[in-house]
Amino acid sequence: MIEKNKFETVICNLCGKDDYNVICKSHSKYSRDIFNVVQCKNCGLIYINPRLNTQKSIEGYKEDKKTIEYYNHLWNKRVNEGTFLIKKYLLKNNTGKDLAFLDVGAGTGAMMYSAKKLGFTTIRGFELNTLAAEHGNNRHPYGKISNIDICNSKQVSKVNERFDVILCHHTLEHVYDPDSAIKNMKFLLKERGLLCISVPNTDFFIMQMIKFFRLDSKGVFDPSAHIFHFTSKILDLFLKKHKLKIIVSGPLFKTKGHLNTFSQIFNNKQKKIFLPITCSIITVAQKNTVNNLTKRS
Ligand SMILES: [Zn+2]
């Protein structure tokens, strides 16, 4: 029996068109549901359509009791990743002053801890999972984690602080409206502030490998959780749409954790296959309203 209102159909989040090709089917890891992985014919964005109902998904994230366990398990890895990202991409022009940091999709606060160690003075996190946020606030009280939905402009408009750096690490592929999420993160940036987004890499080659090895049946796309799939080009288009100045864009090397994202696909038969690809991409963009205005005049 089909559960009423379990699914919803959506238009392209990047260009607003409703014209797509179905690339493949993908099984959910968590249920018997099968989803369409589709690609917009106009702009190339890859997304799940139809997908799980947004409201139900949000409730699912809020109440998921396994999340704390998951984030605790990943704590050290996330601290290392956060330290790496902040040092390499986000501190260059920002030393020697009071700095404000926001982690979107903060979990229990591991990357906030990295920011603390690296000298940020104001540290905040947004996390939909109420239990993870509460756990983080109790255990690691160096910055507050709030249950703010980054796609919800009404909630975001009530935040009074503005940030020098906003980190959104492996979160954008989960949110139901990346376009609003980016708009809202830009709103929260200070003038010349930096937005750093990293997501799994879903370039054409990976898609072809997945199709060739029929890996979709193993839930590679995680279609009930990863509802958008990005390439560098697509991620940059999102940021340019919001007039953010792109400073860094491309594959994300170095951190071990990222490289596991897709190598796990090939571990089903205890085989590890080296792939000459990177599994994460990163874009760092700057809010630069003053320069935009100067150019126009
Ligand atoms: Zn599109």
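Of note:
- For residue 130, neighbours were defined as the other residues whose beta-carbon sits under 10 Å from its Cβ, and their charges (Lys and Arg +1, Asp and Glu -1) total -3.
- Projected label distance in nm at residue 42 and residue 121, using a 7 Å step from Cα toward the beta-carbon: 4.6 nm
- A convex hull fitted around the alpha carbon atoms of segment 1-57 yields 92 Å³ per residue.
- Gyration tensor analysis over the Cα atoms of segment 1-104 returns equivalent ellipsoid semi-axes of 35, 22, 13 Å (largest first, whole Å).
- Spin-label model distance (nm) - residue 240 vs residue 80, 7 Å beyond Cα toward Cβ: 3.6 nm
- Placing pseudo-labels 7 Å out from each Cα toward the beta carbon at residue 139 and residue 54 gives an inter-label distance of 3.2 nm.
- The residue 33 and residue 152 beta-carbon pair, evaluated with R₀ = 25 Å, returns a calculated FRET efficiency of approximately 0.45.
- Here segment 155-207 is treated as a Stokes sphere of Kirkwood radius computed over C-alpha pairs; at 25 °C and 0.890 mPa s its diffusion coefficient rounds to 199 µm²/s.
No value in this document is a laboratory result; all are computed from the given coordinates. Here the structure is a predicted model, which is why all the values come from computation and not from measurement. No Cβ is skipped: glycine too gets one built from the backbone with ideal geometry, and neighbour counts run over all protein chains shown.
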